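Beneath this line is the structure, given in structure tokens, with notes to follow.
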Amino acid sequence: MMWPKERYQRILSLLSSNQLVSANDLAGLLEVSRETVRRDLLELEKKGMIDRVHGGAVLPNKAHEAPFENRREEQIRAKQNIARKAVTLIPSGSSIMVDAGTTTSAFGQALAKLSGIMVITNSIDIAQTIKASKSDIDLILLGGQMVSDVPATYGELTLSEIKRFNVDLAFIAPVAVHADQGAFSFALKEAEIARTMISQARENIILCDRTKLGITNRVRITPTSDINYIVTDSLANPDQTEPFTKAGTDIIIGK
């Protein structure tokens, strides 16, 4: 028997793969009653994670993005597992760029435990985490404008500063990634930062939990051909990961 949180994760995973699921199918797959499915869908809708439709549910077609602090609380354990795995991909002496987001904020916590690398970021959150750790990381916080609730810099100044560097790795946390269409952001300003970081890196690594796999969003960051690795969580199912493997992107599972 699954606990409610396990059912919620399974429902979101199925929606990421199929875009639409019926209540009847969910009852069978989860081995629960239609009434339990109805309660689960009501709870997920209340949290803004799905939209209920006649006979089932779909992913929400959001006209706006949830506040940064709210998004920080979503999929916390998955983000932490992804972060711990992602830092193992950084060789000693590497130079890396990291964009701003809730997943990369978790990544910053793991990153702060390293030493002997250069970190270039527009994320004030990550910069403060690394600074507080008193690590010997060579830290560069990119200048620019603060124009949203995300604690980060954006704009032409930020973009021009990114172009001053050539780095080994770029770590990017999009809101969606699709095997055929690439990685996506919700906001143009965030997509521009991520796209420019990718252009300055030798290899590019996408950090995203399973709920972001197999879907698209408003602004494309980069095609899948520019993505070398995707680090995701252990509950990602083969239907979500295999299309990326076939497209030539390596999938790495954080546990």
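Every number in this text was worked out from the coordinates using simple rules, so none of it is lab data. Computed from a predicted structure; not experimentally measured. As a convention, Cβ positions derive from the backbone with ideal geometry for all residues, glycine included, and neighbour counts pool all protein chains shown.
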Could you line up 209, 233, 136 from fewest to most neighbouring Cβ atoms inside 10 Å? 136, 233, 209
Can you tell me the convex hull volume per residue for the stretch 100-184, based on C-alpha atoms, in Å³ to the nearest whole number? 115
Using only the alpha carbons of the stretch 68-254, what is the convex hull's orientation-averaged projected area in square nanometres? 9.1
Tell me, what ³J(HN,Hα) does each residue in the stretch 142-154 have, in order and in whole Hz, if you take phi through Karplus 6.51 cos²θ - 1.76 cosθ + 1.60 with θ = phi - 60° and put x for Gly and Pro? 6, x, x, 9, 9, 10, 8, 6, 6, x, 7, 9, 9
In Å, what Kirkwood hydrodynamic radius results for the stretch 209-255 from the alpha-carbon pair distances? 11.2
Per principal axis, largest first, the Cα atoms of the stretch 144-196 extend in Å by 32, 29, 15
For the stretch 4-58, what is one quarter of the convex hull surface built on the Cα atoms, given in nm²? 3.1
